[in-house]
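The values are calculated or read from the model by the stated rules, or taken from the named source; none is laboratory data. The structure displayed is predicted, hence computed values, not measured ones. Because the Cβ atoms are built from the backbone with ideal geometry, glycine has one as well, and the counts that use them run over all protein chains shown. The protein model used for the area step is the full one, side chains on, heavy atoms only, and it has no ligands, DNA or RNA in it. Shrake-Rupley method; radii C 1.70, N 1.55, O 1.52, S 1.80 Å.
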Amino acid sequence: MLAYRNGDNMKHRVSVLWAGLALLAPSFCCAEYKLNMQEPVSDVGWQVFSLHTALMVMCLIIFVIVFGAMFYSIFKHRKSLGYQAANFHESTTVEIFWTVIPLLILVGMAVPATKAVLAMKDTRGADVTIKVTGYQWKWGYDYLDEGVSFHSRLATPQTQFENFNGSGDASKNENYLLEVDHPLVVPVGKKIHILTTANDVIHSWWVPQLTVKQDAIPGFIRDTWFKSDKIGTYRGQCTELCGKDHGFMPIVVNVVSEADYKTWLDEQKKLAAANQDDPNKVWTLAELKERGQKVYDSNCAVCHKPDGKGQGIFPALDGSKVANGPKAEHIKIVLNGKNAMPAWAKTLSDTEIAAVVAYERNAWGNHTGDVIQPADIKAAR
């Protein structure tokens, strides 16, 4: 207590406090600090990062001043030292003081924040435009200027994250639950215009190092943009709770050189042409089952399980009335969805739906012998 009565000691303690804050400041400014934001890879990203750091320092300074003054007053003027409470009402000077100071602080925060938001919303002058569609539970990418389209799904094996009673695979991949089968590929140093929408429920496309996050809402087109100044792989996730497998919708963006990007585009166009199905082809049951299993494993197994036994609210297909009943009803459910099951009419082609329905009706314990042709799906749409 005597120390607080001594003016020199009090000055010394204040000096120590400020020295401590000065030591803390670099930790907030260090991008590699694990509790901090991820290191940005663009000018706008650094603008947002610097703004966040500046606001944190301002909040810290305000916290120290307010609580420092409060605790100093409590200890310095406590009753045991003989101080008496001052009873007074109104003080115009104080009221002006505590109104003007916060107003100046808010203006000081709002000006740089507004500049950063306007920069993030300026989608003019884009070099590449990509439509991003959220599905339960994958992402669809359409390069609108190139005619390239594909889906991006979680690549982590299901056995690694479904480990009931130790029956699954105990090993984990390096990028466990953050890896996809087809990443988004964009050129370095180019402005990428992203148009987001959704096929079923609200999703949100977020890649923190690229400083981009935009909701994907059914029936609406929202837009945003990003530009990476560094070649590399950047990962993100869906940040809108979108259903059972919301946690299994990772995003991977590969930023490559412009030459590599052109090479990748050419490969994708050739691959799309090679995989294009002949709409007039008549498929055999063996061909449908082979193709249908691939479609099932990529789109259906996550809910109905690879062995068709189902789980939770997703019913078993092995021995089910749907897979062994009328073909038309089975096709209708796959096309239009039912209850928690999404509609696949806009996601899969006629051939893919014909193949997966034929597979489900002739896999596991189901042996209907039904052959479904793409023409049947086209007629049912």
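How much area per residue is accessible in the chain when the probe is 1.4 Å and only protein heavy atoms are counted (Å²)?
58 Å²
Using helices alone, what [θ] at 222 nm do you get for the chain, with -39,500 (n - 2.57) per DSSP H run of 4 or more residues, divided over all residues and rounded to the nearest 500?
-14000 deg cm²/dmol
Taking 0.36 nm per intervening residue step and subtracting the Cα-Cα distance, what contour gain separates residue 115 from residue 368 on full extension?
Going from the current span to full extension adds 84.7 nm.
For region 262-303, I need the span (max minus min coordinate) of the C-alpha atoms along each principal axis, in Å, sorted largest to smallest.
On the principal axes, region 262-303 reaches 37, 31, 13 Å in Cα extent.
In terms of modelled amide H atoms, which long-range or inter-chain residues lie less than 5 Å from the amide H of residue 216?
Excluding prolines and chain starts, which carry no amide H, the hits are 203, 204, 205.
Quantify, in whole percent, the carbon and sulfur part of the accessible surface of the chain (1.4 Å probe; protein heavy atoms only).
Percent of accessible area from carbon and sulfur atoms in the chain: 60.
Provide the solvent-accessible area of residue 248, counting protein heavy atoms only and rolling a 1.4 Å probe, rounded to the nearest 10 Å².
Solvent-accessible area, nearest 10 Å²: 50 Å².
Go through 283, 139 and list them by solvent-accessible area, largest first, probe radius 1.4 Å.
Most to least solvent-accessible, the answer reads 283, 139.
Treating the beta-carbon of each Lys and Arg as +1 and of each Asp and Glu as -1, no other charges, what is the dipole magnitude of the chain about its Cα centre, to the nearest 20 debye?
Taking the Cα centre of the chain as origin, the dipole is about 1200 debye.
Hey, what angle do you get for helix 7-29 against the long axis of the chain, alpha-carbon based, 0 to 90 degrees rounded to 10?
On a 0 to 90 degree scale, this one is about 20.
For region 245-307, compute the number of Lys pairs whose alpha carbons are separated by less than 25 Å, excluding pairs fewer than 8 positions apart on the same chain.
9
Give me the angle, in degrees from 0 to 90, between the Cα long axis of helix 43-76 and the longest principal axis of the Cα atoms of the chain, rounded to the nearest 10.
Result, in degrees: 40.
Of the lysine pairs in region 170-249, how many meet both conditions: Cα atoms under 16 Å apart, and a spacing of 8 or more in sequence or different chains?
6
At q = 0.06, 0.09, 0.13, 0.14 Å⁻¹, work out log10 I(q)/I(0) for the chain with the Debye formula, treating every Cα as an identical point scatterer and leaving solvent out; two decimals please.
Listed by q, the Debye log ratios stand at -0.40, -0.71, -1.13, -1.25.
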